[in-house]
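What follows is a single structure, written as structure tokens, with notes after it.
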Amino acid sequence: MIKKLFNFFKNKEMGYNEKKYEYLMKNIDFSRLPKHIAIIMDGNGRWATKRGMLRAYGHRAGVEALRDIVKACSELKIPVLTVYAFSTENWKRPKEEVDALMNLLVEYVYKEVEELNKNKVKIRAIGRIHELPEKCQRAVKYAVEFTSKNTGLNFNLALNYGGRAELVDAMRKIGKKIQGGIIEIKEIDEKLISDHLYTKELPDPDLLIRPAGDYRISNFLIWQLAYTEFWYTDVMWPDFRRVDMLRAIYEFQQRERRFGGVPKKDK
Ligand code: IPE
Ligand code: IPE
Ligand code: MG
């Protein structure tokens, strides 16, 4: 079965394809979808450069991909989607690119929030939001408040997010509680740490998708990804569409997650 699928994909061009879509829709077990999908939205710059355009043009094209994926997750009733939009390391980029990304964020929020709200999407932002430019903070706050009562897809935007920064922030919060006598050192356990992360109350990701052909975490959700299934593709983020996500879900469902245990057949 997997071999058949592999040959099927090998003979097709990547990208949207009616037959591929139909195949996946028929073969995915919709009662076993991942509860939390995390995506490193990568490849915008290379996508644009290859076309002789500025990198910012690639980021803009990436918004189309995001729109399709959020809608697809909503329709599939996936409970949580977390996307990496800007890392704590991305400040190293040229000022023009950082500015373009910040402006795009503001534009995205005001343009999309009503449609997202109609689809019952609940927006959250994770990261050091207070370090973003004022106008971004305002936009984020607006989107989060506007959709706070929604009961559909939990959509997390990772902005000025770093996995190490998140752990530092969690340690500081815990340290303060110890100092104030609210908790004792012996109460520190994995659950307590998880409860002090930006993602508290959310399940850990089941599936991590990284487009654009690089094989690294780039400081994304380092604590939460401990047992997440990774899935990579060479498709650049601006070209990424729901059919690619469905393929990731299909392949995710072929894997056996053992969490340190033994294979099911050996039990
Ligand atoms: C991802 O695309 C978007 C952000 C990091 C904001 P890149 O801009 O990293 O694109 P590449 O990796 O250079 O192609
Ligand atoms: C990760 O991509 C960050 C985002 C997608 C927001 P990068 O392009 O910044 O990662 P590296 O530099 O290739 O590791
Ligand atoms: Mg990149």
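The values are calculated or read from the model by the stated rules, or taken from the named source; none is laboratory data. Quantities reported herein were computed from a predicted structural model and do not represent experimental measurements. Using ideal geometry, Cβ is built from the backbone for each residue, glycine included, and neighbour counts are taken over all protein chains shown. Please note that ligands, DNA and RNA were not included when accessible areas were found on the heavy atoms of the full protein model with its side chains. Shrake-Rupley method; radii C 1.70, N 1.55, O 1.52, S 1.80 Å.
Listed values, structure above:
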quantity: Percent RCO, i.e. relative contact order, over segment 106-170, from Cα pairs under 8 Å lying at least 6 residues apart; calculated: 45 percent
quantity: Sequence-separation-based contact order of segment 63-183, relative, with Cα cut under 8 Å and 6+ spacing, percent; calculated: 37 percent
quantity: Formal net charge of residues neighbouring residue 222 (Cβ-Cβ distance under 10 Å; K, R +1; D, E -1); calculated: 0
quantity: Loop-resident sites, segment 91-171, for trypsin sites (Lys or Arg not before Pro), counting at most 13 other Cβ within 10 Å (DSSP); calculated: 120, 149
quantity: Alpha carbon centroid spacing (whole Å) that separates segment 101-140 from segment 165-188; calculated: 29 Å
quantity: Accessible area per residue, Å², the chain with all protein chains present, probe 1.4 Å; calculated: 55 Å²
quantity: Accessible surface of segment 28-69, 1.4 Å probe, proportion on carbon and sulfur as whole %; calculated: 56 percent
quantity: The chain shape via C-alpha gyration tensor axes, a/c threshold 1.5; calculated: oblate
quantity: Net +/- balance of residues flanking residue 144 in space, Cβ distance below 12 Å, scoring K and R +1, D and E -1; calculated: +4
quantity: Prolate/oblate/rounded label for segment 177-238 (Cα gyration tensor, a/c 1.5); calculated: prolate
quantity: Amide H contacts under 5 Å for residue 82, placed H, 5+ residues apart; calculated: 37, 38, 39, 156
quantity: Most fluctuating residue given options 230, 30, 252, as computed from a GNM of the chain linking Cα atoms under 10 Å; calculated: 30
quantity: Over 29 Å between alpha carbons, listed pairs 35/267; 122/267; 50/118; calculated: 122/267; 50/118
quantity: Mean Kyte hydropathy of -1.0 or more with a Cα span along the axis of at least 30 Å, helices from DSSP in the chain; calculated: 55-76, 95-118
quantity: Rounded, prolate or oblate (a/c below 1.5 giving rounded, otherwise prolate when a/b exceeds b/c) for segment 25-84 by Cα gyration tensor; calculated: prolate
quantity: Carbon + sulfur, % of accessible area of segment 109-190 - ligands and nucleic acids excluded, 1.4 Å; calculated: 51 percent
quantity: Set of aspartates and glutamates with alpha-carbon distance to residue 200 below 19 Å, sequence-local pairs under 8 removed; calculated: 145, 166, 169, 187, 189, 190
quantity: Protection proxy ranking of 207-218, 175-186, 43-54 - average other beta-carbon atoms within 10 Å, highest first; calculated: 207-218, 43-54, 175-186
quantity: Over 23 Å [Cα-Cα, segment 45-133], rounded percent; calculated: 29 percent
quantity: Taking the chain and dividing mean pair separation by its residue count, relative contact order in percent (alpha carbons under 8 Å, at least six apart); calculated: 29 percent
quantity: GNM result for the chain, Cα springs below 10 Å: residue of 171, 245, 102 fluctuating most strongly; calculated: 171
